[in-house]
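Remarks on the structure that follows.
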């Protein structure tokens, strides 16, 4: 079926599809049209990576756009939300207003009512529903990307509750769920009231194999023999030097990704062209410029990039990750060593994918083999449309027996069925409160009836009563904490409970914070004590790792601050003692940051990478905002003022004396400190500095922008 034969699609969009190289439709795309994607029918599309799911989603969007209806596009990760936003913003240009809604969990984002296509993470959309958005009835199409993540213990419960709410609020809407190949797709589709479109077709042929002892043994083609080098180096040489292709290497940990990238960079150094080396040197400098001063990790990354290799993990700051991704797509970077998060994030295919680590460490469980479904996600990155006629996915083996076992389990194995993870105590606690808050339920019976509508209820309909006791315990906690009230069977939300739900906070964390705030009335408040309770919360986990040399220092700090700590200090033999010490270490790291330590010194002292620091600071910002709002409800005005100052300090990494200066754009922590040290300590002094003097201190461009801001500030 050719693209021109699709009915009811404006010619302008047909032309855009042709420009993307889409001329003839794939089997799943044809089936989706036959099963009613353009007639408002709900579908679950279960096909491999790069099999054209985005095209199917776009057809559904065009149908809703023509009907002048709203579309919700739900994604699991912020990075994926940005990627979809950029794509659809470009695809629809001025024909439809496209919005991106991520972050800020305490807002209705009222501006969204003026947009037709809204791309949001599941957490953000869940938060919007709690705040009572007034445009939901206008939604005609809900697209759920990566719906198999319902199986994920972390993200799954939010996604499942969100879908259940949307089905309840807008039952007339078309649902389009996009998924990797899963075993029980029919069960998922039945829950959604959707038809199944299932296919194993890939436009790029995928060859899957296992590498051991200098040979790649493929299941569906002849073996390949490698040079006599360590296996990873031999694969890099074969991929990049011999075949002029690119390689993605999936490893289990950040540390491994960095160490391996250094090893692999040595293979390529003498094979790169002069022009490539010049461009890589420019890119390396660009990487270093993203942080001032560059950390040891930045320098390590810049060094391997000079040889066309990069590492990619959550500890790398987002600006550097974007540079890596863009230059891998351009072909300048040849090899990326990455952690598993990349398999769910941005679209970054390569000719060859190496799954180096098939096991992953889980606390309390040890090293466990990854699921088949996760392997398929990795393997799906192999093969680039418009560049390759096939791709190769390779698992690294450790013995002949291992080769056989890996082929049987992963290459020939079936992906696992997805199962609801909603029965966890934390999930029941969070969503019981939110459902009462939003008025969806007002009794225990109503709560149980709602859970019967979820995928959990669908899967365990006959046994669902086993969570009733769990829910009763949850309601008892929520009532004792003052978040709900019960009169016989009726449930109602308190003002405090509503605020906690709107803040998108685990009620258990909120109760922990409230107890800590009340303790400040007796023992006072300190930066360390506040940062410690933030670091101890579930939302901040995992805290920083402990080393042997940490223990003595941390115990001394605990003993010297014991009277001011805002929680019961566990005893050395208690199960949570180590977690407590980790929270103290994390709090000390934040304390150093707000006392103007730079990323390089924090990496040296605390082994916290810049990306990890920035991620934790984002979470801390949200939690301090929550503390401000809880203090407001509890009428703790002095604490509110303290938290507002602390929030600014954490945002900029400054001592309290610089708060006023950093409130101006273009003045960050370094410029503010420079000004302060020469006697310009606040805006009053800054307004009285001549332009010439400011030019000499900050440079002409920056000085001009600051002067423009100062003219708008009243004396």
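Being assigned to a helix (DSSP H, G or I) and under 16 Å from residue 331 (Cβ atoms) is the filter here; which residues of the range 243-273 pass it?
Taking the range 243-273 as the starting set, the residues that turn out to be assigned to a helix (DSSP H, G or I) are 254-271.
Selection gives 268, 271.
Here are 412, 433, 406: which of them is buried (at least 19 other Cβ atoms within 10 Å of the Cβ) and within 30 Å of residue 232 (Cβ to Cβ)? Working first, answer last.
Details: 412 fails: buried (at least 19 other Cβ atoms within 10 Å of the Cβ); 433 fails: within 30 Å of residue 232 (Cβ to Cβ).
Going through 412, 433, 406 in turn, the sole match is 406.
Return the residues of the range 653-670 that are farther than 19 Å from residue 709 by Cα and buried (at least 17 other Cβ atoms within 10 Å of the Cβ); say none if nothing qualifies.
653, 654
Among the residues of the range 676-689, write down those that are more than 17 Å from residue 708 (Cβ to Cβ) and in a helix (DSSP H, G or I).
676, 677, 684, 685
Looking at (1) touching a strand residue (DSSP E or B) at 6+ places or on another chain (Cβ under 7 Å); (2) surrounded by 13 or more Cβ atoms within 10 Å (Cβ to Cβ); (3) at pLDDT below 95, can you tell me which one residue 220 breaks?
Status for residue 220: all satisfied but (2).
Which residues, counting only those in the range 366-378, are closer than 16 Å to residue 407 by Cα and more than 21 Å from the chain's Cα centre (by Cα)?
Once the filter is applied, which keeps residues that are closer than 16 Å to residue 407 by Cα and more than 21 Å from the chain's Cα centre (by Cα), the range 366-378 yields 369, 372.
For the subset of the range 181-215 comprising residues that are part of a loop (DSSP other than H, G, I, E, B) and touching a strand residue (DSSP E or B) at 6+ places or on another chain (Cβ under 7 Å), which member is surrounded by the fewest Cβ atoms within 10 Å (Cβ to Cβ)? Show your work before the answer.
Within the range 181-215, the first condition is being part of a loop (DSSP other than H, G, I, E, B), and the residues that meet it are 181-184, 193-194, 199-204, 213-214.
This time we only want the ones that are touching a strand residue (DSSP E or B) at 6+ places or on another chain (Cβ under 7 Å), so: 181-182, 194, 204, 214.
Working: 181: 19, 182: 23, 194: 20, 204: 21, 214: 14.
Taking the candidates together, the pick is 214.
Look through the range 1-19, keep the residues that are surrounded by 15 or more Cβ atoms within 10 Å (Cβ to Cβ) and outside any helix (DSSP H, G or I), and return whichever of them is farthest from the chain's Cα centre (by Cα).
6
Checking the condition assigned to a helix (DSSP H, G or I), free of Cβ contacts under 8 Å to residues at least 60 places away in the same chain and more than 21 Å from residue 506 (Cβ to Cβ), which residue from 555, 569 passes? Before the answer, list the steps.
On the way: 569 fails: assigned to a helix (DSSP H, G or I).
Selected residue: 555, the only one of 555, 569 that is assigned to a helix (DSSP H, G or I), free of Cβ contacts under 8 Å to residues at least 60 places away in the same chain and more than 21 Å from residue 506 (Cβ to Cβ).
Residue-wise test of (1) assigned by TED's automatic domain parsing to the domain that holds residue 27; (2) farther than 14 Å from residue 122 by Cα; (3) in a loop (DSSP other than H, G, I, E, B).
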position: 51; (1), (2), (3): yes, yes, yes
position: 55; (1), (2), (3): yes, yes, no
position: 58; (1), (2), (3): yes, yes, no
position: 63; (1), (2), (3): yes, yes, no
position: 73; (1), (2), (3): yes, no, no
position: 81; (1), (2), (3): yes, no, no
position: 87; (1), (2), (3): yes, yes, no
position: 90; (1), (2), (3): yes, yes, no
position: 94; (1), (2), (3): yes, yes, yes
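With (1) in contact (Cβ under 8 Å) with a residue 60 or more places away in the chain; (2) surrounded by fewer than 19 Cβ atoms within 10 Å (Cβ to Cβ); (3) out of contact with any helix residue (DSSP H, G or I) (no Cβ under 6 Å at 6 or more places or on another chain) as the list, and residue 293 as the residue in question, which single condition is left unmet?
(3)
The values are calculated or read from the model by the stated rules, or taken from the named source; none is laboratory data. From a predicted model like this one, the values you see are computed outputs, not experimental measurements. Note: ideal-geometry Cβ built from the backbone for every residue, glycine included; neighbour counts use all protein chains shown.
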